[in-house]
Structures are given as structure tokens and as C-alpha cells.
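Encoded as C-alpha cells, the structure appears first; notes follow it.
The values are calculated or read from the model by the stated rules, or taken from the named source; none is laboratory data. Computed from a predicted structure; not experimentally measured. Ideal geometry is used to build each Cβ from the backbone, glycine not excepted, and the neighbour counts take in all protein chains shown. The protein model used for the area step is the full one, side chains on, heavy atoms only, and it has no ligands, DNA or RNA in it. Shrake-Rupley method; radii C 1.70, N 1.55, O 1.52, S 1.80 Å.
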Amino acid sequence: RLTEKLLRRSVIPRAVLISGGGNDVAGDTFGMLVNHARSARPGLNDDIVRGVVDNRVRNAYVTVISAVTELVRDRTGQTIPILIHGYDHAVPDGRGFIGGWGPLPGPWLEPGFRDKGFEELDQTRRMVADLIDRFNRMLDAVAGTPGFGHVHYINLRGTLPNGAGYKTWWANELHPTERGFAAVAE
């Protein structure tokens, strides 16, 4: 809608940034992606992750990219770059937005792990890294879709440290601090 609004005003964007999918893999329903720690196959549930990331989120990206591409082509006769990005390896430490209590959002990851019997941060950090890597691989594949030569995937993994001192870069489980946002923007 924003692209359409700009084009109606004869403003042709130099590029479009499409950022999304985080709400599909984090939040109240995050636990559905994880098998219980005491199950026969503890950890990420590959079938559900595949369904959510490789099907649902992928199809949403293809739909939105196709719609934006068609809109711009129809109105301008040209194709503009579309940028898509993944996420960095978040730390599921249970911190939400300004604490995440009451009406404030978060935490988004740690409660799902805790509900499924995972309490060790190093273990949950590895599972989040695996999930984020899968999400990024999907985005990279979307950018390689035939007809999407104008779509560029930006790999942000490794931009925000998630080891010692990570709280300088991460304001909570999912969002960077001001310093972190500056690193991502750069």
C-alpha cells in the first residue's frame, strides 16, 4: 500500500525493503516449533518448522514480492530493487520490551522453550541459531527464484554479537539496542 501511495504521487522508490516473518516464528505460538525436551526427538520439530518457514513464510514473501514487482512495473514500466533480510542469532534469555511485563511485548522465545522443558541458555541459543539459519536459507532461496533478479537478500547473521556482552547489542530477545540497530543499518 505504501508503494502504491508513493507511485500515485509520482514518487518512484529507489528500492523497497521487505522485512518480515519474525512474528511467524516467535511469540505466543513459538512453542509449537519445538518438541519437548523429554520427547523421542527433542529440539526443533522439523516438520512444523518446514511448514512454517519453508512453506507459509516463503509463500508470503513470494506473494508480496510479486505484488510489489507487478505494481511498480505496471505504473512505471521498470523494475526497482527489492531488499529482503533475515535475522541475526538472537539470545532467548527471557527479556521482553522494557522488561516485557504487563501490556509490554515479550519475551518471545524463552517461554516456549521453558514450556517444552528446555532451560539451559546455551542449548536454546543453539536451537534459535538453527531456526534463524533455516529462515535465512529460505530467504536466500527466495531471492534466487526465477524472475526475481531484482530481489537481493541481505545476510545479517554475525552483525550483532550474541556471546559475552551481548546485551550491549540486544535490547531484548529479538530487538537490537540503538547501537545494534546502527550496526544492522550499516
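List of remarks:
- Those helices (runs of 4 or more DSSP H) lying entirely in the stretch 1-51 with at least 1 residues surrounded by 14 or more Cβ atoms within 10 Å (Cβ to Cβ), of a type in the set (Ser, Thr, Tyr) and touching a helix residue (DSSP H, G or I) at 6+ places or on another chain (Cβ under 6 Å): 2-8
- In this entry, PHE148 passes the filter for residues that are closer than 18 Å to VAL62 by Cα, modelled with pLDDT of 95 or more and not aliphatic (A, V, I, L, M).
- Flag set for TYR61, criterion: of a type in the set (Ser, Thr, Tyr) and outside any loop (DSSP other than H, G, I, E, B).
- Filtering the stretch 52-80 to residues that are touching a residue at least 60 places away in the same chain (Cβ under 8 Å) and either under 17 Å from GLY20 (Cα atoms) or surrounded by 17 or more Cβ atoms within 10 Å (Cβ to Cβ) (or both) leaves VAL53, ASP54, VAL57, ARG58, TYR61, VAL62, ILE65, VAL68, THR69, VAL72.
- Across the stretch 159-176, the number of residues qualifying as more than 14 Å from LEU109 (Cβ to Cβ), within 15 Å of the chain's Cα centre (by Cα) and open to solvent by 30 Å² or more (accessible area, probe 1.4 Å) comes to 1.
- Which listed residue is over 22 Å from HIS152 (Cα atoms), among the hydrophobic types (A, V, I, L, M, F, W, C) and modelled with pLDDT of 95 or more, from ALA40, ALA26: ALA40
- Selection count, the stretch 1-26, where residues are among the aliphatic types (A, V, I, L, M) and in contact with a strand residue (DSSP E or B) (Cβ under 9 Å, 6 or more places away or on another chain): 5
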